[in-house]
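Data first, discussion second: the structure below is written as structure tokens.
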Amino acid sequence: MIDRELTHAEIFPEERLPDPVSLIEKGRQKARDVTIGPCAFLDHHGVACEAEYKRRAMAAGDLMFHAQIGFRDPNKTLEAYGGIYRALTQGGGRLDRFGICLDWSMGYPAAQRQGRPRGTGLLMNAESDFAALTAMAPVAPHFGDFVLGMPAALENTQAALKAGATAIGNLGQYFTFRLPGWEDDVATTTATLEALALIAAQPEKVLVHSNLDDGFAALFADLACSFGAVLLERYIVEDLLGASLSHCYGHTFSEPLSRLAFQRALAQQPGAPGTMVYGNTTLYRGDGSENYAALCSYLSIDLIAQHLAPTGHAVNPVPLTEASRIPDRDEVVMAQKVGQRLAERVPDWAGLIDLAAADRQAATLIQGGMLFKDRVLAGLGAAGVDTQNPLELLLALRRVGARRLEELFGPGAPNADRPRGRQALIPTTEIRDLESRAKSVIDALTPDQRTALAGANLSVCVCATDVHEYGKILLEEILKGLGVTTLDGGIHSEPAAIAALVKAGRADLVAISTYNGIALDYLTAVKQALQAEGLDLPVLIGGRLNQIPEHSNTSLPMDVTAEIAAAGGIACAEADQLLDHLLALLPDQDRGAKT
């Protein structure tokens, strides 16, 4: 566990930071000209904002539904916005909100997007593009990702507001996401702060959306710290800036009890209604039919939770193909129909649930989360951070990072044998699962092979292309268990930085974890950066090995495993393939055969 205290100079090497008061005032001034525009959702339902609509549904006992769309082809996205709504409502169903999957390159300022790498999502180059989308159906538009927390936060927020969006995010990404080629975190923070001030100054309530699983929650080993992140973000957004914060969670909440307990802990907190509870996509591991079990598993918990203690979160039936590629329109409709059929049974099931265990865990989450929040603020304050200055506080949290915050300030008792050096009050299910999977991989080796690897003085550079870094964590757990040195290449690492780290640390191998849409381009850039440093070593890449081909008319990513091999990379479908390449680095007599 890290026991060295934080210092102001370590967090803020700059001589001076921008003045938050003037930034907030600039954002407020923009509210004179930038206000919530008309859209089909607000007009159809006769509400001033989505928060009003949510509270109306909560009072009526209505369960709300959320779907995600955002194809690279703008016309396909427009068609899906209206087509999915009609397909569901014509059959007697409902759809309350759409999450728009913007491309991550939308995070760059519009004037600087030309020539930047792209992902698989929707690119909207003009304010009229936002308005054209929200006019397609009376469904609440949710511009979640790559708006707040990005260098383009202010301009994208303005466009979203003018298009009638009253739920804008994703603040969670501010803390963890790094755009390739963009190093100016002060500019990112100032843009985000101005955007938050603009939102706070609106005459109607605009929900500041934060997906915890895209932020610190995915990186903590203790679920109580994740709840502490809720309280820290609320302190910044609501107490310091006067806006309304609305949280999303769910991607990584695989264990039913903790999923229910987290919702019930949120239900006990005052504030704005939630945006959505996201589908537990980390459960999607089999083929489409096997994933039906995962879909129904988490939806049942989410629907019952909203029935018993409404928090305003819309439930999100994630299409079964999400684990392998971007779902198409019909797959979105199918998942929604499954969810709405399940919702019909909720009143019959709710009485079967014994809430005592969930409420005990919820109490632990609240108590531990409050302790974590207080310790973080006290610790940062002791380091000279002005915790009433939202710019300093945002920047400090981002720079210190989830791991060190948990190591220094986590609510659990110190325990050097546990992740982050602390005994978790409620271990996150994903961290436990990753530890178990790492052990299974290690156990596939013979004792002699494990001994040989531990004594070989090998070094592996491990990095991830994006914030979805569970693959990176799994690799690090495997290497740690084998006694192999790891060089932390971070997430969203620049290829040149990876090459420099590899050279300085004399790495024997590079292992890259990727999520969606950039596998080939990133692998190629890393290989070129290594070559420029005169380095020739194996580069492994695993995860979702796909990419949208140039000039594609489908907007769907295609598998690029063969192209990765042609580019000199090594595609790994499973983490245990790392073992073969580690063993190949040993002398012949030490390699043996796996058990």
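The values are calculated or read from the model by the stated rules, or taken from the named source; none is laboratory data. Everything numeric in this text was worked out from a predicted model, so none of it was measured. Cβ placement follows ideal geometry from the backbone for every residue including glycine, while neighbour counts extend to all protein chains displayed. Only protein heavy atoms, including side chains, enter the accessible area calculation; ligands, DNA and RNA are left aside. Shrake-Rupley method; radii C 1.70, N 1.55, O 1.52, S 1.80 Å.
With respect to being open to solvent by 10 Å² or more (accessible area, probe 1.4 Å), farther than 14 Å from residue 310 by Cα and modelled with pLDDT of 95 or more, residue 228 falls outside the description. Within the stretch 491-506, take every residue that is open to solvent by 20 Å² or more (accessible area, probe 1.4 Å) and touching a strand residue (DSSP E or B) at 6+ places or on another chain (Cβ under 9 Å) and give me the one that is modelled with the lowest pLDDT. My answer is 491. The test for being under 20 Å from residue 227 (Cβ atoms) and assigned to a loop (DSSP other than H, G, I, E, B) does not hold for residue 288.
Of all the numbered requirements in (1) crowded, with 22+ Cβ neighbours inside 10 Å; (2) under 21 Å from residue 213 (Cβ atoms), residue 393 misses one, and that requirement is (2). Given the criteria touching a Leu at 6+ places or on another chain (Cβ under 7 Å) and more than 21 Å from residue 538 (Cβ to Cβ), does residue 515 qualify? Spelling it out, it is not the case that residue 515 is touching a Leu at 6+ places or on another chain (Cβ under 7 Å) and more than 21 Å from residue 538 (Cβ to Cβ). Look at the stretch 59-86: where a residue is touching a residue at least 40 places away in the same chain (Cβ under 8 Å) and open to solvent by less than 50 Å² (accessible area, probe 1.4 Å) and a partner is acidic (Asp, Glu) and assigned to a loop (DSSP other than H, G, I, E, B), sitting 6+ places away or on another chain with Cβ atoms under 6 Å, you get 64/96; 65/96. For the stretch 1-43, filtering for residues that are farther than 19 Å from residue 201 by Cβ and surrounded by fewer than 12 Cβ atoms within 10 Å (Cβ to Cβ) leaves 9. Checked against the criterion of being surrounded by 15 or more Cβ atoms within 10 Å (Cβ to Cβ), within 26 Å of residue 261 (Cα to Cα) and in contact with a Ser or Thr (Cβ under 9 Å, 6 or more places away or on another chain), the candidates 368, 339, 401, 412 yield just one match: 401. Only residues that are among the small types (Gly, Ala, Ser), at negative phi and under 20 Å from the mean Cα position of the chain (by Cα) were counted across the stretch 452-506, and they come to 4.
Taking the stretch 314-327 as the range and being open to solvent by 10 Å² or more (accessible area, probe 1.4 Å) and modelled with pLDDT of 90 or more as the test, only 319 passes. Filtering the stretch 507-520 to residues that are at pLDDT below 90, at negative phi and among the small types (Gly, Ala, Ser) leaves 513, 519.
Here residue 5 meets the list (1) in a strand (DSSP E or B); (2) touching a residue at least 60 places away in the same chain (Cβ under 8 Å) almost entirely, failing just condition (1). Of the set (1) small (Gly, Ala, Ser); (2) within 20 Å of residue 145 (Cα to Cα); (3) touching a residue at least 40 places away in the same chain (Cβ under 8 Å), all apply to residue 111 but (3). Here residue 44 fits the description: over 23 Å from residue 247 (Cβ atoms), touching a residue at least 12 places away in the same chain (Cβ under 8 Å), out of contact with any helix residue (DSSP H, G or I) (no Cβ under 7 Å at 6 or more places or on another chain) and not charged (D, E, K, R).
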